[in-house]
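Step one of this worksheet: look at the structure below.
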Amino acid sequence: MAGEAGASAETEHATAVSAVSTHTTTRYDLPTPRRTLTRLFRTWLIGITVFGYGPAITYGWLAWLLNEKQWRWAFLMYFTEVPLIGGFCILLVPWLAYRPIHRALTAWSRGESVDRSQCIRVYQRALELPWWVAVGSFIAAFIGYVVGVGVVHWQANQPISEMIKTMPAIPLVGGMMGAFCYFGTVRALHPVVAWCSVQLKQARPLRHTSLAAKFLTTTCVLAIAAVCLLQPAAYTLGQLVTEEQLQDRALTQLKAVAGRVALFERLQDRTALLRDAVLGRYGYAFILDREGHIITPHPRNFTRLEQEQLYNARAHVQGREGVWVDRVGYHRVVAFAKLVDPPWMLMSIAFPNDFAAPLNRYVRFGWVVMIEVFFVVILFGRYFTRGITTPLAELTRAARQIAERGDFSQHVPVTTTDELSEVARSFNHMVEELRTSKADLEQYTKRLEQSTQELSALNQEMEDLLRVVSHDLRAPLINIQGFSKRLEPVIQEALRKLTLVAERSQDNGLRTETETFRDTMQARFAESLRFISKGVEKMDALLASLLAISRVGRKADPIRPNDLNTILDDVLATFDHQLKERSIQVIRHPLSTQVPCRLNEINQVFSNLIANAINYMGAAEQRFIEIGGREQAEHVECYVRDTGIGIGSEDQERVFQMFTRLQAIDVPGEGVGLAYVRKILRSHGGKIWVTSQKGQGSTFFFTLPMTPATMQGVTG
Amino acid sequence: MSTPKQSIYIMLVEDDEGHQLLIRENLRAGGIINELIEMRDGQEALDYLFRRGKYQDPAKSPRPGLILLDIKMPKMDGFGVLEKIKSDPQLRMIPILMLTSTDDQVEVNRCYALGANSYVVKPIRYEEFQDRVKSLGLFLDIVRFPD
């Protein structure tokens, strides 16, 4: 990294780009419940085996090494903890907590729809579960310890206060197992949390745990666990050394006393001699007779006689000479020596604790070490986490600045050499990309707006043109029609006059000529006037259609829910006569009753389509018009089917263009009808199309949206 | 023809000469014999009504009893003239009949909103116009038929 700093900015940029682009995109699939469960159980099993059974096995093995008689007690002690830990921590508490997640995952993997609130619950639970596991581990370790060690102490008839010495087992087992299971559970549930988070988009965890708190807790737990593991080990080792030395001393002294005891006859003298065999503050010695009864006064009353009987029995088995350590509860060094005459036995019991003052000092020192470690961890952890959280806080601030204010001038400083620097660099790169793409987008939007404006201006111009043209062209038409009509009476008068002239003319030639002229004139004038009139009327109709087209979608005619059946009733009533005259049958299917539309315009749609169906019916044997429709999710679809002459596939788009008439035959119309219909439907947000085959009739389909929202986009 | 004093004048404001001729003939053919004051554009009509310029002499420019007003005209269109007339306290009493080229509802509504009394769509058929004029009950008090 330090070397790279010298490299040019472009290389830096290029590596950042390649780092980003080579990264494979991860898709967050729904984790299967089985796999998640397997991963969880695997984690918990490792936790329990390594951190639950681990110390148990270690200490059990150690106990077995030290004293074959007592290893089963130690095993009992440590193995009692384990079933409790297993049952409580792994099978019960986290399982109960995990059950809702498992149920939800099963339902989702079956294909059930993902309910948002359920998803939020699963998300929160999956984030909380590691804590449950950690706390559960700790509680389990505590209960396991109290029950397991308590049973052993009770069995060994030891005071409960002795348990304090083994208390580090709780943080040792609970802390290490808790920490392991915490991180294991986090890892196992990561796919669930990730999936839920992606589903929920902007989900925020209920509880915020700072990275620093997590790090410090973990480090402290591990440090304490380490100290707890080391301290008993050190203590045990120290104890072993003390006990080893004490065994030698005890046996040597006892043998020396046994030699001298034989020299005295009186029991008092012998008892007095026993004092030389006593070791330490609490140690004591006594004489047993042949039957194993203590014949010297018992010097201590805090121990039960049975225990000495036990040692006696053992001494008999071992040949009445030797030394060993009893490690249940208070450790005791038990030494015994034979007297030759009388055949009694000397026994000395010493407590290593009496000689463990330096060891105890070291133990106290161990606690000091532990507190020191604690502070060191906190101090170093603080700086360490600062190193992580400060760049993260900078990132968060920059990201928020961008998200909330759209401020793309943000640049996060790269202040570390670890993965965080990669994050910062990727972030800067992303911001750069966003900035350019936002600028591009703005430019495109501006261009789009501009062209939309141009287009709508053009459209408006076109409509204005249509309106003005159809409006203004009508004025000269009125003149043409008016003045040509005005000629009619004059022509009639002229014709009448010519007839009169012809009748009264004496000259046959002139009469014939006049009559011929009169007939020609009559024919020409009448014909001309008829054509002029017809032309003007047609032009007028055409202008009216153009005007109608220019008026489509005006705000004066509001969109309201209408019953298409009623509209069709009205339209068919106007065609009643024509349909009967041409013996065309009408087949009707029920149409939608609540369609938002402009009543007059949809009336025009139906009447244009039906008029077309009638006009282009042709000479088929079966003549009918079928009208029907169906409702779909967001729009209604209607159709008008006829048995007419049909439209060739090459013309099916052309029929909707203005002034297009496919037939030269004598069919009324200006070639505007379908263009008008299409414009009406488009202004409603619908569309029209035709399916047809030449000679087979045609079917015109059109759609109207059911939601006005889709229409506003078109009309607005 | 009756005496000019008693007659009520009808003002026709229309820029198209042909239309003017046709309307005049139509009125005559329909038996309406009132004197016509013919104006070629909106500005001229307003000058006449407000007695400005060459129409300053009240004797030569009598108040019309009815105005037939075309909408589409140069200089000032029918709407402008209508607005001016209706905003004058004296002239506002004169009934106004708008001549429109289409029955566009927006245009008609605007006429009524500005205070026009009625409207006639200029018909393409010559005969229709007479029927329209005759059918207007509005004229009964104003128009004069030959005795």
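No lab work stands behind these numbers, since they all come straight from the coordinates. What you are looking at is a predicted structure, and each value in this text was computed from that prediction instead of being measured. With ideal geometry, Cβ positions are generated from the backbone for all residues, glycine too; neighbour counts draw on all protein chains shown.
Using packing as a proxy for protection, rank A:113-122, A:275-284 so that the peptide with the highest average count of other Cβ atoms within 10 Å comes first.
A:275-284, A:113-122
Look at A:THR32, B:THR102 and count the other Cβ atoms within 10 Å of each Cβ; fewest to most, that gives A:THR32, B:THR102. Approximating the spin labels as points 7 Å out from Cα along Cα→Cβ, the A:GLU515-to-A:LYS201 distance works out to 9.5 nm.
The slack in the chain from A:VAL468 to A:ARG560, taken as 0.36 nm per residue of separation less the alpha-carbon distance, amounts to 30.2 nm. Averaged over the residues of peptide B:19-25, the number of Cβ atoms from other protein chains lying within 10 Å of each residue's Cβ is 3. Model label sites at A:ALA234 and A:ASP354, defined 7 Å from Cα along the beta-carbon direction, differ in position by 2.7 nm. When each of the peptides A:534-540, A:493-499 is scored by the mean number of other C-beta atoms lying within 10 Å of its residues, the order from highest to lowest reads A:534-540, A:493-499. When the alpha carbon coordinates of segment B:9-139 are projected onto the principal axes, the ranges are 39, 32, 27 Å, largest first. For segment A:462-499, backbone nitrogen atoms closer than 19 Å to the point 7 Å from A:LEU529 Cα along Cα-to-C-beta are found at A:477-499. For the residue pairs A:LYS538/B:LYS75; B:LYS84/B:LYS122; B:LYS60/B:LYS122, the alpha carbons lie more than 27 Å apart in A:LYS538/B:LYS75; B:LYS60/B:LYS122.
In this simple spin-label model, placing a label point 7 Å from the Cα along the Cα-to-Cβ direction at both A:GLU488 and A:TRP131 gives a separation of 9.8 nm.
Counting only residues at least eight positions apart within a chain, or on another chain, the aspartates and glutamates with an alpha carbon under 12 Å from that of B:LYS54 are B:GLU44. Counting neighbouring Cβ atoms within 10 Å and putting the fewest first, the residues A:TRP344, A:TRP95, A:TRP689, A:TRP108 line up as A:TRP689, A:TRP95, A:TRP344, A:TRP108.
Here the residues A:GLU265, A:GLU527, ranked from fewest to most Cβ neighbours within 10 Å of their Cβ, fall in the order A:GLU265, A:GLU527. For A:LYS446, the aspartates and glutamates whose Cα falls under 16 Å of its own Cα, not counting residues fewer than eight places away in the same chain, are A:GLU454.
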